[in-house]
C-alpha cells in the first residue's frame, strides 16, 4: 500500500538498542532520564534530522511518525513507568517490583 501511494519510510534508530544492544533487560522511562542517555539520543537523531530536512528542502512531505506504545523511550501514547532498577541477584522482591510497573501516558 505504501509503495502504491509513493510513501517512503525511514526507520529511526532505537536509542535503547544503540545504548544497550539486543540482549538488554526491560527498562522503564525513569531509567532513561539521564544526561548520558539524552546526549546519546541527540547524537543518533542528528543525521536523521539532516536527512529529513534535505527531503523537505527538495519538495518531499513528512506525513507522519510511527512509534511503539509501551516502549520506555519511543512510546507514543503509552510508556512503561515504575520504580525499577538495582540488582536481580539476591533480590527476593523482584516479583513485587514487576507487579508494580505500569503503563502511563507518554
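The values are calculated or read from the model by the stated rules, or taken from the named source; none is laboratory data. Everything quoted here is computed from the prediction, not taken from an experiment. Here the Cβ positions follow ideal geometry from the backbone for every residue, glycine too, while neighbour counts run over all protein chains shown.
How many residues does the range 53-80 contain that are closer than 18 Å to residue 24 by Cβ and touching a strand residue (DSSP E or B) at 6+ places or on another chain (Cβ under 7 Å)?
The qualifying residues number 5.
Modelled with pLDDT of 95 or more, over 24 Å from residue 106 (Cα atoms) and part of a helix (DSSP H, G or I): does that describe residue 54? Write out each step before concluding.
Working: modelled with pLDDT of 95 or more: yes; over 24 Å from residue 106 (Cα atoms): yes; part of a helix (DSSP H, G or I): yes.
Spelling it out, residue 54 is indeed modelled with pLDDT of 95 or more, over 24 Å from residue 106 (Cα atoms) and part of a helix (DSSP H, G or I).
Looking only at the range 57-87, count how many residues are assigned to a loop (DSSP other than H, G, I, E, B) and in contact with a helix residue (DSSP H, G or I) (Cβ under 9 Å, 6 or more places away or on another chain). Write out each step before concluding.
Let us first name the residues in the range 57-87 that are assigned to a loop (DSSP other than H, G, I, E, B), namely 58-77, 82-87.
Then keep just the ones that are in contact with a helix residue (DSSP H, G or I) (Cβ under 9 Å, 6 or more places away or on another chain); that gives 60-62, 71-75, 82-86.
Selection size over the range 57-87: 13.
Take the residues in the range 9-51 that are in contact with a strand residue (DSSP E or B) (Cβ under 7 Å, 6 or more places away or on another chain) and not in a loop (DSSP other than H, G, I, E, B); name whichever of them is farthest from residue 85 (Cα to Cα).
29
Could you list, in sequence order, the residues of the range 57-74 that are at pLDDT 95 or above and farther than 18 Å from residue 6 by Cβ?
Matches in the range 57-74: 57 only.
Does the range 4-16 hold any residues that are on the phi < 0 side of the Ramachandran plot and exposed (fewer than 12 other Cβ atoms within 10 Å of the Cβ), and which are they?
As a first pass, look at the range 4-16 and keep what is on the phi < 0 side of the Ramachandran plot: 4-5, 7-16.
Listed by number, the residues that qualify are 4, 5, 7, 8, 9, 10, 11.
Looking only at the range 33-51, which residues are out of contact with any helix residue (DSSP H, G or I) (no Cβ under 9 Å at 6 or more places or on another chain), farther than 21 Å from residue 104 by Cβ and loosely packed, with under 13 Cβ neighbours inside 10 Å?
Within the range 33-51, the first condition is being out of contact with any helix residue (DSSP H, G or I) (no Cβ under 9 Å at 6 or more places or on another chain), and the residues that meet it are 33-35, 39, 42, 46-51.
Filter again for farther than 21 Å from residue 104 by Cβ, leaving 35, 39, 42, 46-51.
Once the filter is applied, which keeps residues that are out of contact with any helix residue (DSSP H, G or I) (no Cβ under 9 Å at 6 or more places or on another chain), farther than 21 Å from residue 104 by Cβ and loosely packed, with under 13 Cβ neighbours inside 10 Å, the range 33-51 yields 35, 39, 42, 46, 47, 49, 50, 51.
Hey, residue 30 hits all of (1) surrounded by 13 or more Cβ atoms within 10 Å (Cβ to Cβ); (2) more than 12 Å from the chain's Cα centre (by Cα); (3) on the phi > 0 side of the Ramachandran plot but one; which does it fall short on?
It fails just one condition, (3).
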